[in-house]
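Input: a single structure, listed below in structure tokens.
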Amino acid sequence: MDDLLTTLVNKGLRGETPTRDEALEVLRTSDDDLLDVVAAAGKVRRQWFGRRVKLNYLVNLKSGLCPEDCSYCSQRLGSEAEILKYTWIKPGEAADAAGAGVRGGAKRVCLVASGRGPTDRDVTRVSETIAAIKEQNEGIEVCACLGLLSDGQADRLREAGADAYNHNLNTSEATYGDICTTHDFSDRVRTVQHAKSAGLSPCSGLIAGMGEKDEDLVDVVFALRGLDPDSVPVNFLIPFEGTPLAKEWNLTPQRALRILAMVRFVCPDVEVRLAGGREVHLRTLQPLALHLANSLFLGDYLTSEGQAGQADLDMIADAGFEVEGTGTTTLPSHRRPEEGPEHVAVRRRGAGTELPPNA
């Protein structure tokens, strides 16, 4: 164990990728070794990101009624989950919602819309929303998450002022057909490539806890490493009632921490983000996850409620970390564009449509 962690730390400090076998070994370590694994991955995290934590805030522009059949999603075709459904909110409403997150300390606003992908008219709507948000919030980053992109749409979003685009790979290519049949793994890869080619900062991650094997987790993280995103959100499945994965409660807090450590070792110099499901699965061990991830979502998610915003800020401070300000560049210099390319509380409102408690 000591030899493995020494090897992983040395590779991580140099920005090198471990082998697949080494990544698998991280997932298979015992609970007795957990704190050693966290401490080792924490050295890599601090090498590239210090003790800074980047805060992100979701604004849900359009909710529900999606034609895709992704098994994990409460907004999927045929979902019986009791979620709020609404069409596009207006740019001004989205900008007001984004302002709430910014006042809570968020540095990036993530604009999300359900659906297979945007029409050209949808891109126009989102472009107007981006302009409204940036007009009201100087220095804020905007990331769009609108589904599969067609040719030219990423360029339009970049021209409108978008800084980043999110599209997750979610699981391994080998098992992708088990969770979705209306599009495939290559469609998702292509969208990330479109975003990157347009000059948008690529953001792509995974969902853990869908019944996958260790090998699947390693495969998807290595696929992500191959795409070289700037940001990797790590989601933990929220098994919504009314979806095919409603009974998939496969994660423990210890398992979630091992997954985060593995992601950090494979993607040492990349923004690793605590995303959906962290409150449900990490529970009281969330502060330990800050030693692995350098970014998290503040407040609520798309269709589930997150931890209170002030609780997140208190957790960050109590764990000895600090919120990253808008004047600080998140990524290490070599990754910057100028230098190189239980019970889930179901949301009754759209993400970002009410002020967080600390705003």
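Quick note: the coordinates plus some simple rules give every number you see, no bench work behind them. Since the structure is predicted, the reported quantities are computational estimates derived from the model, not experimental observations. Cβ atoms come from the backbone with ideal geometry, glycine included; neighbour counts cover every protein chain shown.
Brief remarks on what is shown
- For the stretch 176-216: rounded, prolate or oblate by the Cα gyration tensor [a/c cutoff 1.5]: oblate
- If R0 is 51 Å, the Cβ-Cβ spacing of D318 and T87 corresponds to a FRET efficiency of close to 0.80.
- Å³ per residue enclosed by the Cα convex hull of the stretch 1-133: 192 Å³
- Too-long pairs where the Cα-Cα distance tops 27 Å, listed order kept, from K43/K247; K107/K247; K43/K196; K62/K196: K43/K247; K107/K247; K43/K196
- Amide H partners (placed H, <5 Å) of V323, local residues excluded: V53
- Across the stretch 192-200, rounded Karplus estimates of 3J(HN,Hα) from the backbone phi angles (6.51 cos²θ - 1.76 cosθ + 1.60, θ = phi - 60°) give 4, 5, 4, 4, 5, 5, 7, x, 7 Hz, Gly and Pro being marked x.
- The stretch 75-157: trypsin sites (Lys or Arg not before Pro) in DSSP loop, at most 15 other beta carbons within 10 Å: K85, R116
- Within the chain, the ratio Rg/Rh, alpha carbon atoms throughout and Rh by Kirkwood, equals 0.93.
- In straight-distance terms, cross-link reach from K134 covers every one of the aspartates and glutamates whose alpha-carbon lies under 14 Å from its own, apart from those fewer than eight places away in the same chain; here that gives E93, D96, E159, D163.
- Table column - 3J(HN,Hα) (Hz), the stretch 104-114, Karplus curve with 6.51, -1.76, 1.60, x for Gly and Pro: x, x, 5, 9, 10, 10, 9, 9, 10, 9, 6
- Stokes-Einstein D for the stretch 2-41, Kirkwood Rh over Cα pairs, 20 °C, 1.002 mPa s (µm²/s): 209 µm²/s
- Antiparallel DSSP beta bridges within the stretch 2-325, as percent of all bridges there, nearest 5: 5 percent
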